[in-house]
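**Student:** Take a look at the following structure, please.
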Number of protein chains: 2
Amino acid sequence: MVKVVGSDIDVARAAKLQSIEKVAEKVGISESQLLRFGPHKAKVRFEFIDEVQSRPDGHLVLVTAISPTPAGEGKTTTTVGLGDGLNRIGEKAIICLREPSLGPCFGMKGGAAGGGYAQVVPMEDLNLHFTGDFHAITSAHNLLSALIDNHIYWGNELDIDTRRVTWRRVLDMNDRALREVVTSLGGAANGFPALAGFDITVASEVMAILCLAKDRKDLEKRLGDMIVAYRRDRSPVYCRDLKADGAMTVLLKDALMPNLVQTLENNPAFVHGGPFANIAHGCNSVMATRTALKLADYVVTEAGFGADLGAEKFFDIKCRKAGLTPSAAVIVATVRALKMNGGVKKEDLGTENVAALEKGCVNLGRHLENVRKFGVPTVVAINHFSKDTPAEIEALKRYVAAQGSEAIVCKHWQDGSEGTQELAQKVVELCAAGSAAFKPLYPEGLGLFEKIETIAREIYRAEGVVADQKIRDQLKQWEQAGYGHLPVCMAKTQYSFTTDPNKRGAPTGFSLPLREVRLSAGAGFVVGICGEIMTMPGLPRVPAAETIRLNEKGDIEGLF
Amino acid sequence: MVKVVGSDIDVARAAKLQSIEKVAEKVGISESQLLRFGPHKAKVRFEFIDEVQSRPDGHLVLVTAISPTPAGEGKTTTTVGLGDGLNRIGEKAIICLREPSLGPCFGMKGGAAGGGYAQVVPMEDLNLHFTGDFHAITSAHNLLSALIDNHIYWGNELDIDTRRVTWRRVLDMNDRALREVVTSLGGAANGFPALAGFDITVASEVMAILCLAKDRKDLEKRLGDMIVAYRRDRSPVYCRDLKADGAMTVLLKDALMPNLVQTLENNPAFVHGGPFANIAHGCNSVMATRTALKLADYVVTEAGFGADLGAEKFFDIKCRKAGLTPSAAVIVATVRALKMNGGVKKEDLGTENVAALEKGCVNLGRHLENVRKFGVPTVVAINHFSKDTPAEIEALKRYVAAQGSEAIVCKHWQDGSEGTQELAQKVVELCAAGSAAFKPLYPEGLGLFEKIETIAREIYRAEGVVADQKIRDQLKQWEQAGYGHLPVCMAKTQYSFTTDPNKRGAPTGFSLPLREVRLSAGAGFVVGICGEIMTMPGLPRVPAAETIRLNEKGDIEGLF
């Protein structure tokens, strides 16, 4: 590997990409089964996916992390590194990631998929329009919005209570001005004025559905199941009642096909779907994961935020609903982030501090314990930073060993797959041992409020859930309406086990305030909201957009 | 050719498509110069376009039409038919069309590109997301919107008068509820409440710019030139002041590359860009037309609406600005539409009526005269319908001959290129004769109001232009601000030479009321608005979306 001195984008641009046909070939996908988008991106055709269904599944490995801090953990980077590491040691592995959202790229510098020598490419495409999936979701979502207002405009035969239209609009853009708007102003020809608003596309229930759908039929059914409004008698109005599900499915037919790209080491990567990790489940698509499992012996995937949110949702929502049985989990930790959990300020992270590290390890310890509750054997990946000291790493390893697990130093950021061979070997061992006995945290039959209580108690370690009677009644109503079997999807700060982002480490003696519940009847979960959830971000004072441009060579500057 | 009984979509589905590589090869584009989107769509790389710039241009042929009526004229169909006809008689021809807009597809059944045996395929892709150009335009447009509000939110350093933000938002959706909205409600964190609104994407100035830009540099410059708001002192705030032009160019970098597809007869077709034909110039992109001219001996293209709007803008805006010199023009007429111009009702069109036809011919006659004013030799294509009678066709031919031109019956809808051989032959003759001496209608140096008067007098045949002093003053101000050299872009009903859509034929004795003027400083024209212009359509009582779906085979139903 020739080393490039520079940023992630410099490394990515120096990479020798293979044609997507060649990458596909490695996992048995022939050229005719690809829908190509230029030389380095392709979608995999449904015909091929149908064809491989009878094959046995490979091992599913989840990469999750400790509670995130501003120090950075490197979950995506580790996912890429582990995938490359497995391929390096001779295993057939595919990684599955989420697609990045376009909007935020114009706010803060960033985007990217992975970093250093553990990246997915072509990086610019991934962060811009990619294969158009998010645009298709935006179109499908807003078609439904237009059909609702149009229905009301032409006489409101369905008797929609215009004050209770819950379906908003979406744009893949950070635009705070659209959070709350009044529509249909300007006279009779424009309809009935109404309070409305826009979310960012990744927050759309259509996104969650695209990522949970098993096939096109399932996609259409779930779209039809979405509740878009209520009548005066509080009975729900479904997407299906507007006859929007068919046209939305047509708009999404290509978007449902998994996207194939490659890592810097030319290993196959599916990058498909990207639902929010708070009001949705934060995992890449079931279509991609299930397809990858048919093509590889190891499928490495990640889930959003820390393990309290990401892993729990991955297990309780995605795996349960898609019938997936993970074989192992990797918890990514960094010395830096654990020191922050131990009370060190960001500016002091460069100084060795074993005591703070040891103090912060309780955060990792709790996540470890949590993941094991799902019956999945777990290993800790120490994503190495150059300023980590031997004493700190030793202390961290010791702590993890005392918890009955193992922590392995990974240097994929600087060395690519060379830096993750040991982790890859360990993952193979865990899978081969066959000790996994995956089970969700709670049974389907448990009451909705009790499901929330179970997560709060078992995962967050809260003493209880505080909720108004109104919220409890709402959950009861949904149970009576036939939604009691749904899993719950918790929307909570990712920075703490509590709802206070400043409480790092492993807090105890707190209760979980449940402020609001929402029903995502199409996606198939009940969202429990604990705290402010922002579904339409804003732009910073100096947005990255101001410096993004094409240079003389036609290369993009300022995006990363 | 095997004949299929059924709708346009049945014909399109029965077609034997060639791989886009093979289609490209016919005009000398090698595989490596294509950015493929699946097997039947591709963009042509900038490197190749730069490379062919030194080649001589082929002949540019415009297909325009009489004033449209509900009877249908078939301008796109004739464009496709003529392209195929030229290829059939051994000439190397490429057609250039506009991309259809997504939003309207979910309103009325339709869309499509051409009809019968004169179509561009793949039809479904063309009418859905195609290569994502319109989504890119939507993103770029709305990024600028977000940046404007964000700038005001963070302190409004540019001193924008928040009541005078002229830049709206866009969606490629028919959604009347978004025509007029109030944004930034909900408190300080969401910004300052403001009256705003959405247009359909094709109405975006970004669309007009994409279609007029000569290259990426020119695109960026024009984007920067756009006026988005005014200060209290009425000085303009440019897109460039928001530093949005670079990021918008990045979002549009692929969208600027022309899209290559094929006709049912496997001849190459560029389908690229689709600006409104009222507030914009209604032609496909300059990038596509100029590239096609380097690759073929004949480039057949069309312009929106009838010749009074479409051809005038094509000549005075697109050709003037891009330095194009058309060799010939085809005016499409139908016996049905001329009978409607002669006073026949739609339900009576099936009955022979030579008198009405002769009466309606004045509409064609005036368009013929008009097109010749641009120094372009012209032929009339009679787009044949099965109920046209020999007597009617004879009368029409006689009329055109009396005007010093020739009318040729075309049967491309039912026979493909077999039905346009005579027209193709005639077009070759006109081009070979070299009698074209293209000149715009008015010189750049003429005053803006005088340009509008010239069009009104010479093309519409109005006795004069009626406009408030305020409008005249506005035009004077723009002249003083350095915009006096711009061409004007008239927004007027397409159904009549007057502003009254019911006045068919060739009315005289009317004046043109100019209601409003707008400056599209980036696109590079001044819009003169005469009558209501709808920039955000609504959906009908029973939208086509209700019946659009995927069938068991995965084919789309209800879209056409």
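The values are calculated or read from the model by the stated rules, or taken from the named source; none is laboratory data. Please read all numbers here as calculations on a predicted model, not as lab measurements. We place every Cβ from the backbone using ideal geometry, glycine too, and count neighbours over all the protein chains shown. Protein only, heavy atoms only, side chains kept; ligands, DNA and RNA dropped before computing areas. Shrake-Rupley method; radii C 1.70, N 1.55, O 1.52, S 1.80 Å.
**Student:** So, counting K/R as plus one and D/E as minus one, what does the shell of residues with Cβ under 11 Å around B:Asn156 add up to?
**Tutor:** Working: positive: B:Arg231; negative: B:Asp149, B:Glu157, B:Asp159, B:Asp161.
After counting each charged neighbour, the total is -3.
**Student:** Under a point-charge model restricted to the Cβ atoms of Lys and Arg (+1) and Asp and Glu (-1), what is the dipole moment magnitude of chain A relative to its Cα centre, in debye to the nearest 20? Intermediate results must be reported in sequence, preceding the final value.
**Tutor:** Working: 66 positive and 67 negative charges, 124 e Å.
So the dipole magnitude of chain A works out to roughly 600 debye.
**Student:** Top to bottom by accessible area (1.4 Å), largest first, where do A:Ser327, B:Ser7 land?
**Tutor:** Ranking A:Ser327, B:Ser7 by accessible area, largest first, yields B:Ser7, A:Ser327.
**Student:** Compute the distribution of all C-alpha to C-alpha distances in segment A:280-348, in bins of 5 Å from 0, and list the percent of pairs in each, rounded to whole numbers.
**Tutor:** Taking every Cα pair in segment A:280-348, the percentages come to 3, 14, 23, 20, 13, 9, 8, 6, 3, 0.
**Student:** How far is helix A:469-478 tilted, in degrees, relative to the longest principal axis of the Cα atoms in chain A, given as a value from 0 to 90 rounded to the nearest 10?
**Tutor:** Helix A:469-478 sits at roughly 80 degrees to that axis.
**Student:** For segment B:412-469, report the translational diffusion coefficient in µm²/s to the nearest whole number, using Stokes-Einstein at 20 °C, 1.002 mPa s, and a Kirkwood Rh over Cα pairs. Please list the in-between numbers first.
**Tutor:** Working: Rh = 15.1 Å.
Result for D is 142 µm²/s.
**Student:** Now for a separate question. Let me check against my output: what whole-number percent is the relative contact order of segment A:433-560, with C-alpha pairs under 8 Å and at least 6 apart? Display every interim value, and only then the final one.
**Tutor:** Details: 179 pairs, mean separation 27.0, N = 128.
This gives 21 percent for segment A:433-560.
**Student:** With a probe of 1.4 Å, find how much accessible area segment A:133-241 has per residue, and write the answer as a whole number in Å².
**Tutor:** Values: 3700 Å² over 109 residues.
In whole numbers, segment A:133-241 has 34 Å² accessible per residue.
**Student:** Can you tell which of B:Asn502, B:Ala401, A:Phe314 lies farthest toward the positive end of the dipole of the protein assembly as shown, using +1 and -1 charges on the Cβ of basic and acidic side chains (Lys, Arg; Asp, Glu)?
**Tutor:** B:Asn502
**Student:** Can you give the average number of partner chain beta-carbon atoms within 10 Å of each beta-carbon in peptide A:129-139, as a whole number? Numbers along the way, then the final one.
**Tutor:** Working: counts 10, 1, 3, 7, 1, 2, 9, 4, 0, 6, 11.
Average per residue, whole number: 5.
**Student:** OK, next. What average count of beta carbons from other chains do you get within 10 Å of the Cβ of residues in B:146-156?
**Tutor:** On the way: counts 14, 8, 1, 6, 13, 3, 1, 5, 6, 1, 0.
Partner Cβ neighbours, averaged per residue: 5.
**Student:** Here's another thing I want to ask about it. Can you quote the Å³ per residue value for the convex hull of the Cα atoms in segment A:314-465, rounded to an integer?
**Tutor:** Given the Cα convex hull of segment A:314-465, per-residue volume reads 131 Å³.
**Student:** Report the accessible area of A:Val300, computed with a 1.4 Å probe over the heavy atoms of all protein chains in place, in Å² rounded to the nearest 10.
**Tutor:** Solvent-accessible area, nearest 10 Å²: 0 Å².
**Student:** Take peptides B:156-165, B:192-201 and line them up by average Cβ neighbours within 10 Å, highest first, as a rough protection proxy. All intermediate terms of the calculation are to be shown ahead of the outcome.
**Tutor:** Details: B:156-165: 14.4, B:192-201: 20.2.
In decreasing order of mean packing, B:156-165, B:192-201 become B:192-201, B:156-165.
**Student:** Let me ask something else. What ranking of B:Arg366, B:Arg515 comes out by heavy-atom accessible area, probe 1.4 Å, highest first? Walk me through the intermediate numbers first.
**Tutor:** On the way: B:Arg366 20, B:Arg515 135 Å².
Accessible-area ranking of B:Arg366, B:Arg515, largest first: B:Arg515, B:Arg366.
**Student:** Which angle from 0 to 90°, rounded to the nearest 10, does the C-alpha axis of helix B:390-402 make with the longest principal axis of chain B?
**Tutor:** Between the helix axis and the principal axis of chain B, the angle is about 70 degrees.
**Student:** Next question, about the same structure. For segment B:448-530, with every protein chain kept in place, what is the accessible area per residue (1.4 Å probe, Å²)? Mind dumping the intermediate values first?
**Tutor:** Numbers: 3380 Å² over 83 residues.
I get 41 Å² per residue for segment B:448-530.
**Student:** Taking every pair of distinct Cα atoms and averaging 1/r, then inverting, what Kirkwood hydrodynamic radius in Å comes out for segment A:133-241? Display every interim value, and only then the final one.
**Tutor:** Numbers: mean 1/r = 0.0685 Å⁻¹.
Roughly 14.6 Å, rounded to one decimal.
**Student:** Largest first, please: the extent of the C-alpha atoms of segment A:1-95 along each principal axis, to the nearest Å.
**Tutor:** That works out to 44, 30, 25 Å along the principal axes.
**Student:** In 10 Å bins starting at 0, how do the alpha-carbon pair distances of chain A split up by percent?
**Tutor:** Calculated P(r), rounded to whole percents: 4, 18, 29, 28, 16, 5, 1, 0.
**Student:** Over segment B:448-530, consider all pairs of different Cα atoms and compute the Kirkwood hydrodynamic radius from their mean reciprocal separation; express it in Å, one decimal. It would help to have the intermediate numbers written out before the result.
**Tutor:** On the way: mean 1/r = 0.0769 Å⁻¹.
Value: 13.0 Å, from the Cα pair sum.
**Student:** Mind checking the dipole of segment A:448-530: about its Cα centre, +1 per Lys or Arg Cβ, -1 per Asp or Glu Cβ, Debye to the nearest 20?
**Tutor:** The dipole magnitude comes to about 200 debye.
**Student:** Let me ask you something else. Please state the shape class of segment B:64-138: rounded when a/c is under 1.5, otherwise prolate if a/b exceeds b/c and oblate if not, all from the C-alpha gyration tensor. Present the calculation step by step, with values, prior to reporting the outcome.
**Tutor:** Values: a/c = 2.17, a/b = 1.36, b/c = 1.60.
Verdict is oblate for segment B:64-138.
**Student:** Quickly estimate the mean residue ellipticity at 222 nm for chain A, helices only: each DSSP H run with n ≥ 4 gives -39500 (n - 2.57), and the total goes over all residues, rounded to 500.
**Tutor:** Working: 18 runs with 174 residues, N = 560.
When only DSSP H runs of four or more count, the value is -9000 deg cm²/dmol.
**Student:** How big is the accessible area of A:Met340 in square angstrom, nearest 10, if you roll a 1.4 angstrom probe over the protein chains?
**Tutor:** Its accessible surface works out to 10 Å², give or take rounding.
**Student:** FRET efficiency for A:Glu157 and B:Arg457, Cβ-Cβ distance as r, R0 = 45 Å, nearest 0.05? If you can, show how the numbers build up before the last one.
**Tutor:** Numbers: r = 51 Å, r/R0 = 1.13.
The calculated FRET efficiency here is 0.35.
**Student:** Now for a separate question. Ignoring ligands, DNA and RNA, how much accessible area is buried between chains B and A, both sides summed, with a 1.4 Å probe, to the nearest 100 Å²?
**Tutor:** Details: alone 22090 and 22060 Å², together 38420 Å².
By this definition, chains B and A bury close to 5700 Å².
**Student:** Find how many whole Å separate the alpha carbon centroid of segment A:268-315 from the alpha carbon centroid of segment B:112-179.
**Tutor:** 31 Å
**Student:** Segment B:483-560: percent of C-alpha pairs farther apart than 16 Å?
**Tutor:** On the way: 2049 of 3003 pairs.
Beyond 16 Å sits 68 percent of the P(r) for segment B:483-560.
**Student:** Taking every residue in A:535-548, how many Cβ atoms of other protein chains lie within 10 Å of its Cβ, on average? Kindly include the intermediate steps, with their values, before the conclusion.
**Tutor:** Values: counts 0, 1, 0, 8, 8, 2, 5, 3, 10, 1, 14, 6, 3, 9.
That works out to 5 on average.
**Student:** Ordering B:Asp133, A:Asp415, B:Asp50 by how much accessible area each has at a 1.4 Å probe, largest first, what is the list? Mind showing how you got there, number by number?
**Tutor:** Details: B:Asp133 0, A:Asp415 35, B:Asp50 105 Å².
Largest accessible area first, the list is B:Asp50, A:Asp415, B:Asp133.
**Student:** Whole number please: convex hull volume per residue, Cα atoms of the protein assembly as shown, in Å³. Walk me through the numbers before you get to the answer.
**Tutor:** On the way: hull volume 180.7 nm³, N = 1120.
Taking only Cα atoms, the protein assembly as shown has a hull volume of 161 Å³ per residue.
**Student:** So if I average 1/r over every pair of distinct C-alpha atoms in segment A:376-532 and take the inverse, what Kirkwood radius in Å does that give? Display every interim value, and only then the final one.
**Tutor:** Working: mean 1/r = 0.0538 Å⁻¹.
One over the average 1/r among Cα pairs gives 18.6 Å for segment A:376-532.
**Student:** Angle, helix B:75-88 long axis vs. longest principal axis of chain B, Cα atoms, 0 to 90°, nearest 10?
**Tutor:** With both axes taken from Cα atoms, the answer is about 60 degrees.
**Student:** Still on this structure, I have one more. Over what distance in Å are the Cα centres of segment B:491-560 and segment B:25-102 separated?
**Tutor:** Each part's Cα centre sits 24 Å from the other's.
**Student:** Taking only the alpha carbons of segment A:40-187, what extent do you get along each of the three principal axes, in Å, biggest first?
**Tutor:** 67, 44, 30
**Student:** Hey, another quick one. Work out the length of the dipole vector of segment B:133-241 about its Cα centre, built from +1 on the beta-carbon of each Lys and Arg and -1 on the beta-carbon of each Asp and Glu, and round it to the nearest 20 debye. Intermediate values should be presented prior to the final figure.
**Tutor:** Details: 15 positive and 16 negative charges, 40 e Å.
In total the dipole reaches around 200 debye.
**Student:** Any idea what the relative contact order of segment A:133-241 is, in percent, if you count C-alpha pairs under 8 Å spaced at least 6 apart?
**Tutor:** Numbers: 148 pairs, mean separation 31.3, N = 109.
Relative contact order for segment A:133-241 comes out at 29 percent.
**Student:** Using protein chains only and a probe of 1.4 angstrom, how many square angstrom of A:Trp167 are accessible, to the nearest 10?
**Tutor:** 30 Å²
**Student:** Looking at segment A:161-225, what % of the alpha carbon pairs are farther apart than 14 Å?
**Tutor:** On the way: 1372 of 2080 pairs.
Value for segment A:161-225: 66 percent of Cα pairs lie more than 14 Å apart.
**Student:** Size of segment B:243-396 along its principal axes in angstrom, Cα-based, largest extent first?
**Tutor:** On the principal axes, segment B:243-396 reaches 60, 33, 31 Å in Cα extent.
**Student:** Of the cross-linked pairs A:Lys553/B:Lys22; A:Lys217/A:Lys321; B:Lys214/B:Lys294; B:Lys109/B:Lys313, which ones have a Cα-Cα span greater than 18 Å in the structure shown?
**Tutor:** Values: A:Lys553/B:Lys22 30 Å; A:Lys217/A:Lys321 16 Å; B:Lys214/B:Lys294 14 Å; B:Lys109/B:Lys313 28 Å.
In this structure, A:Lys553/B:Lys22; B:Lys109/B:Lys313 lie more than 18 Å apart at Cα.
**Student:** Return the carbon/sulfur percentage of the accessible area of the protein assembly as shown, one whole number, probe 1.4 Å, all protein chains in place.
**Tutor:** Answer for the protein assembly as shown: carbon and sulfur cover 48 percent of the accessible area.
**Student:** At what distance in angstrom do the alpha carbon centres of segment A:408-463 and segment A:195-232 lie from each other?
**Tutor:** The two parts, judged by their Cα centres, are 28 Å apart.
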